[in-house]
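Here is the structure we will look at, set down as structure tokens.
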Amino acid sequence: MKMIRRIKHIAVAVNDVDAALGTYQRRLGITDVRRVDWPQGRSREAHFSLGEVEIQLCQSMDPDGRFAQHIARSGEGVQHICLDVDDIEQAIAEAVRDGAWLKACRACGITGPHPHSEGYVAFLEGQAVPGFEVEFMQVYKEGERPAEYTKGV
């Protein structure tokens, strides 16, 4: 059964979201940027489309933030890739059956599938696949988004 529909977004950890965005704009002609200050996620972000994929440039608001920690370990770069899945429970079950395990969401502390701004999400621990961390998201269908997430991120 097909589990992954598409790459929903790629989160890129950066030291300075304004400087990084300027580079993307100058070198790649990026326009139509959505700026996000997200206190719950302790991050400042710039979101834009690159072809069919949303790129999220993410700067931690404090030195203990998840993006700052990623930069300390690995330097600036891809922190995680969010995969849009048809059925989040099935995606988790298949990954866990293959030896992966879940980790808590850094924004809200919940482990396992839970509502977020754009859909139900769950995170796999560490580099569950070589190269990057994985977030599964089952995007909300019309009318599913909880009231507390009506504005999105």
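The values are calculated or read from the model by the stated rules, or taken from the named source; none is laboratory data. Given the structure is predicted, the values throughout are model-derived calculations rather than measurements. Heads up, the Cβs are rebuilt from the backbone with ideal geometry, glycines too, and the neighbour counts pull from every protein chain shown. We work out accessible area using only protein heavy atoms, side chains counted, and drop any ligands, DNA or RNA first. Shrake-Rupley method; radii C 1.70, N 1.55, O 1.52, S 1.80 Å.
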Count of residues meeting criterion [open to solvent by 50 Å² or more (accessible area, probe 1.4 Å), in contact (Cβ under 8 Å) with a residue 60 or more places away in the chain and touching a strand residue (DSSP E or B) at 6+ places or on another chain (Cβ under 9 Å)] in segment 86-107: 3
Residue 137 vs. criteria at pLDDT 95 or above, surrounded by fewer than 19 Cβ atoms within 10 Å (Cβ to Cβ), among the hydrophobic types (A, V, I, L, M, F, W, C) and on the phi < 0 side of the Ramachandran plot: no
Residue match in segment 67-78 (condition: aliphatic (A, V, I, L, M), under 26 Å from residue 5 (Cα atoms) and not in a helix (DSSP H, G or I)): yes
Meets criteria (part of a strand (DSSP E or B) and surrounded by 15 or more Cβ atoms within 10 Å (Cβ to Cβ)) for residue 56: yes
Selected residue (criterion: modelled with the lowest pLDDT) from residues of segment 1-28 that are open to solvent by 50 Å² or more (accessible area, probe 1.4 Å) and part of a loop (DSSP other than H, G, I, E, B): 1
Residues that are in contact with a His (Cβ under 8 Å, 6 or more places away or on another chain) and over 20 Å from residue 131 (Cα atoms), drawn from segment 41-86: 47
The one condition in (1) without any contact (Cβ under 8 Å) to a residue 60 or more places away in the chain; (2) under 14 Å from the mean Cα position of the chain (by Cα); (3) within 30 Å of residue 147 (Cβ to Cβ) that residue 70 fails to fulfil: (3)
